[in-house]
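First comes the structure, then the notes that go with it.
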Amino acid sequence: MKAVVMAGGEGTRLRPLTSNQPKPMVPIVGKPCMEHIVDLLRHNGIEDVIVTVAFLPQAIRSYFGDGESLGVNIEYSVEESPLGTAGSVRLASGKLDDTFVVISGDALTDVDLQKVVEFHREKGAAVTIGLKSVENPLEFGIVVTDDEGRIERFLEKPSWGQVFSDTINTGIYVLEPEVLRHVPTDRPYDFSKELFPLLLEMGRPLYGYVFEEYWQDIGNLEQFRQANFDALDGAVQLDVPGIRLRGNVWLGEGVELDDLDQIDGPAFVGNYARVAPGATVAPYSVLSAGVTLRERARTSRSVIDASTYVGRSAVVEGAIIGRNCDVGSHVLVQEGAAIGDEVALGAQSVVHPGVRIYPYKEVETGAQVTESLIFETRQSSRLFGRDGVSGLINVDVTPETAVRLAAALGTALKRGDRVVCSRDAPPGCRMIKRAMIAGLNSTGVDVADLRVLPGAVNRHLLKTESFDAGFHVGVSYTDPEVVEIRFFEYPGIQLTGPMQKEIAKHFTRLELRRAAHNAIGSVSYPARVRETYAQDLLATLNREAIRNHGFRIVVDYGYSAASYVLPLVFGPLRVEAISAHAFVADTAAAGSSTLRESIGQAKRLVRAVGADLGAVFDRAAERLFLIDEQGREIPVEQTLLLFLRLLGSNGRRGKLAFPVTVTSEVERMVKGSGLEIVRTPAGLGELTQHAAEDGVVFAGTVGGGYVFPEFLPAYDAVASLCKLLELLAPTERPVSELVGELPVPTLVHRQLPCPWAMKGLVMRVLSERLRDRELDLTDGIKVFEERGWAQVLPDPDEPVVHIYAEGKTDDDSQALEAELRALVEEIMQTEETGAAAVT
């Protein structure tokens, strides 16, 4: 007798275990599920096996070969296109000339196939279906038989109201070859849905054999885990590899184990696995071949596939881990988590219950993984990045993420607090903003929705109307596929560190406040906010001076909503503006121009119309990029110095806030003036916090962002442009001439790759080696010497460190940067060499 093993299943509900292997290859106590089926066939005297394959067929072929090593003869039938269960067997019909058995390669059973075949022959059946009584038949096809076992009725996947039996179709069939003649060859065709009902209608003899032995469909992750546990309990009779000891403990060949008491059965430890002293294998642990458990690691109710490494003091509880994974020290993998092949979990990270991590992902040190990682390449330990929360739309930042993020913000606020929100034009920003409004309302927080307006208008309303918080959903000015959610606090500054930590705590722990039905937050739509913004900005300007100058400028809005606002300011100022790329509502055109393309077009327009200057906004209308009257782009570092020169020449007095990474030319330029330089950490949040302090008249950084705190302590391209016109108004000199007189900084900037786990070590060793030098530790490590200064600054979002250097000459800057970079590289190389030696 021959058997057909159906092994074409893709197993979508078993992902990530089946992301890169077919469903029949998932491991049950150290062997692929299909290998247990082949063992069952051999034990029942069936040695000629035809395997139907479709999804990743080579994975099955390369493992089983011709079946000689398993004592059977295996042939393969490959589906080039989906044929259905009956169609796949029909494809192999040329090799089937007598009664044969069909069985799934992805369901675990120890049924006595000989008895099923005897029943089939005794009844003279054309088809005999293996039936099993189960508690919950909803996911299976129900079959009703009479007292003689003859099938009377079929029903596929019923509702509870349709359940008329608890005997279900197990996918184990004994068939006569002639029934395959009824299977069409031009389309997919199914046994239980189409062929069997057809044969029943034709009056052919169909019988059901109810068996008592074990059967478990491995359709989802919980069933997969349960099948492994049942095998450990002896509920299913399998050929489990290894030596069986008391308490249902199986040990494979070459296992390294210090003390047998480290294993508490039932448990399976595969060939050449290593359980270090102090490690614990708790009940219902399945460790496949080559798994390593380091000191004080612990597994419980978990299945860990081959060659996975579990670090010191790591705990894996009720989880599934694939092949060749690297679980770092002190990692916690919690109940119901499933991790695919070749995933790296950084030290001290936590994988929360139910999370799925697909193959080849990297989770950084200390990360709290609360959502499944499917498309992402890396899970960060930080919710907030440099300027807020950002990521690829519908990949990193999904509506589900947005709801939880907003609920975390609402939980950090009080019931009845008020939040103002706004967004950029793209539909993705609208989707995320609406999700966040729902999340805030669910915590009892009221929301004022400004719809499409620049973030600066949002901050202005937050300041003037004393809202408790604000947020703006926009797109990155460097990548239109990246959505950025920026959060604000009174009086319009970037969200502070303590508030970020509070939100991150609620987001990670899922400790979210839920309002009662009568306390849900409201949504309002404030009126005339653009006009109020424009009036308040005009009140801070010398309108007469700007009018008298009669500016003609080119403005490229970068498709930002600033085109709703700037005309309300330019009208009273009598500024002639030639505009480009104004706001376009929710169309593909709104994303068709990059920042570089906008700058290029503005340069041509300035020359064509004879403008005094050109201004280009980013999509958020926060950053300002300038073109002089000759159509030449002004570098952002020169623009910063231009603001500084104009402020000094206009007799302004007060403090100027700059990050520690900005050129030292700013100190030299303000000598002898009424201006004082204040250095801040490099983050935008720290810069805006300092800008909001008393006495600060200007803040800025290289990158196009400028702050005039008198109006608003935040980046605002509209306000920055208007303030620039006010500063330029008293002079009749062209912009290019003013820029030509500015000093040219020698500052250089390099990025050096640095693993996340090594950043702290680099900074510690560096501070020890440089302790006798003149240092500034405001942000990172900045070292001064006679030639100039150099600085190392770890990046908060990427596995790199930034190296800045500025000397008296370009050569000095390059030498300072090279020396500091060599020192950082030496520290990393020494650590890697030491780690390799320990290993």
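The values are calculated or read from the model by the stated rules, or taken from the named source; none is laboratory data. Quick caveat, the model's predicted, so the values are computed rather than measured. Cβ atoms come from the backbone with ideal geometry, glycine included; neighbour counts cover every protein chain shown. For the accessible areas, the whole protein counts, side chains as well, though only heavy atoms, and no ligand, DNA or RNA atoms are used. Shrake-Rupley method; radii C 1.70, N 1.55, O 1.52, S 1.80 Å.
Some observations on this one:
- Selection count where residues are touching a strand residue (DSSP E or B) at 6+ places or on another chain (Cβ under 7 Å) and closer than 19 Å to residue 227 by Cα, scope segment 285-309: 11
- For segment 709-716, the criterion of being open to solvent by less than 10 Å² (accessible area, probe 1.4 Å) and under 30 Å from residue 810 (Cβ atoms) is met by no residue.
- Selection from segment 415-434 of residues that are charged (D, E, K, R) and either over 21 Å from residue 503 (Cα atoms) or not in a helix (DSSP H, G or I) (or both): 415, 417, 418, 423, 424, 430
- Hits in segment 168-183 - residues which are modelled with pLDDT of 85 or more and over 20 Å from residue 122 (Cα atoms): 170, 171, 180, 181, 182, 183
- From the options 758, 763, 669, residue that is of a type outside the set (Asp, Glu), under 30 Å from residue 346 (Cβ atoms) and touching a residue at least 40 places away in the same chain (Cβ under 8 Å): 758
- Here residue 736 fulfils each of the conditions (1) open to solvent by 10 Å² or more (accessible area, probe 1.4 Å); (2) polar (S, T, N, Q); (3) modelled with pLDDT under 95; (4) not in a loop (DSSP other than H, G, I, E, B) apart from (3).
- Between 584, 569, 555, 575, the distinction of being at pLDDT 95 or above and either in contact with a Lys or Arg (Cβ under 7 Å, 6 or more places away or on another chain) or open to solvent by 10 Å² or more (accessible area, probe 1.4 Å) (or both) belongs to 575 only.
- Residues in segment 298-315 that are open to solvent by 10 Å² or more (accessible area, probe 1.4 Å), part of a loop (DSSP other than H, G, I, E, B) and of a type outside the set (Gly, Ala, Ser): 301, 305, 312.
- Qualifying residue in segment 237-256 (condition: under 21 Å from residue 304 (Cβ atoms), aromatic (Phe, Trp, Tyr), touching a strand residue (DSSP E or B) at 6+ places or on another chain (Cβ under 7 Å) and modelled with pLDDT of 90 or more): yes
- Residue identified as touching a strand residue (DSSP E or B) at 6+ places or on another chain (Cβ under 8 Å), surrounded by fewer than 22 Cβ atoms within 10 Å (Cβ to Cβ) and under 18 Å from residue 222 (Cα atoms) among 322, 336, 354, 318: 318
- Within segment 739-776, restricting attention to residues that are closer than 23 Å to residue 810 by Cβ and of a type in the set (S, T, N, Q), the residue that is most open to solvent (accessible area, probe 1.4 Å) is 751.
Yes/no per residue for (1) open to solvent by 10 Å² or more (accessible area, probe 1.4 Å); (2) in contact with an Asp or Glu (Cβ under 8 Å, 6 or more places away or on another chain):
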{"residue": "468", "(1), (2)": "yes, yes"}
{"residue": "474", "(1), (2)": "no, yes"}
{"residue": "491", "(1), (2)": "yes, no"}
{"residue": "496", "(1), (2)": "yes, yes"}
{"residue": "501", "(1), (2)": "yes, no"}
{"residue": "510", "(1), (2)": "yes, no"}
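- Strands (runs of 3 or more DSSP E) within segment 765-839 that include 2 or more residues at pLDDT 90 or above and touching a His at 6+ places or on another chain (Cβ under 7 Å): 800-807
- The number of residues in segment 342-351 being surrounded by fewer than 22 Cβ atoms within 10 Å (Cβ to Cβ) and under 15 Å from residue 308 (Cβ atoms) comes to 2.
- Positions within segment 381-394 being at pLDDT 55 or above, assigned to a loop (DSSP other than H, G, I, E, B) and within 18 Å of residue 363 (Cα to Cα), in sequence order: 382, 383, 384, 385
- Taken over segment 435-457, the criterion of being in a helix (DSSP H, G or I) and open to solvent by 10 Å² or more (accessible area, probe 1.4 Å) is satisfied by 435, 437, 438, 441.
- 2 or more residues on the phi > 0 side of the Ramachandran plot: qualifying strands (runs of 3 or more DSSP E) within segment 222-284: none
- Comparison of 590, 620 shows that the only residue that is over 29 Å from residue 738 (Cβ atoms), modelled with pLDDT under 95 and open to solvent by less than 30 Å² (accessible area, probe 1.4 Å) is 590.
- Unique residue being open to solvent by less than 30 Å² (accessible area, probe 1.4 Å), closer than 25 Å to residue 302 by Cβ, hydrophobic (A, V, I, L, M, F, W, C) and more than 29 Å from the chain's Cα centre (by Cα) when the list is 37, 60: 37
- Condition check for residue 295: open to solvent by 30 Å² or more (accessible area, probe 1.4 Å), within 19 Å of residue 325 (Cβ to Cβ) and either in a loop (DSSP other than H, G, I, E, B) or at pLDDT below 90 (or both): yes
- A Cβ distance below 8 Å, combined with a sequence gap of six or more or placement on separate chains, defines the contacts here; from segment 246-270, residues that are acidic (Asp, Glu) reach residues that are in a loop (DSSP other than H, G, I, E, B) and open to solvent by 30 Å² or more (accessible area, probe 1.4 Å) in the pairs 253/242; 253/271; 253/272; 256/272; 258/277; 259/277; 264/247; 264/283.
The rows are residues; the columns are (1) more than 40 Å from the chain's Cα centre (by Cα); (2) open to solvent by less than 40 Å² (accessible area, probe 1.4 Å).
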residue	(1), (2)
191	yes, yes
201	yes, no
204	yes, no
220	no, no
226	no, no
231	no, yes
246	yes, no
250	no, yes
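- For segment 71-88, a residue qualifies if it is hydrophobic (A, V, I, L, M, F, W, C) and assigned to a loop (DSSP other than H, G, I, E, B), and the qualifying residues are 72, 83.
- Test result for residue 70, open to solvent by 10 Å² or more (accessible area, probe 1.4 Å), among the aliphatic types (A, V, I, L, M) and either touching a residue at least 24 places away in the same chain (Cβ under 8 Å) or farther than 19 Å from residue 44 by Cα (or both): yes
- One residue stands out among those in segment 1-34 that are closer than 23 Å to residue 301 by Cβ, in a helix (DSSP H, G or I) and open to solvent by less than 10 Å² (accessible area, probe 1.4 Å): the one that is modelled with the lowest pLDDT, which is 14.
- Of all residues in segment 675-690 being assigned to a strand (DSSP E or B) and not β-branched (Val, Ile, Thr), the one that is surrounded by the most Cβ atoms within 10 Å (Cβ to Cβ): 675
- Residue 663 being crowded, with 22+ Cβ neighbours inside 10 Å, among the β-branched types (Val, Ile, Thr) and within 20 Å of residue 749 (Cβ to Cβ): no
- Selection count where residues are closer than 21 Å to residue 130 by Cα and of a type outside the set (A, V, I, L, M), scope segment 183-197: 8
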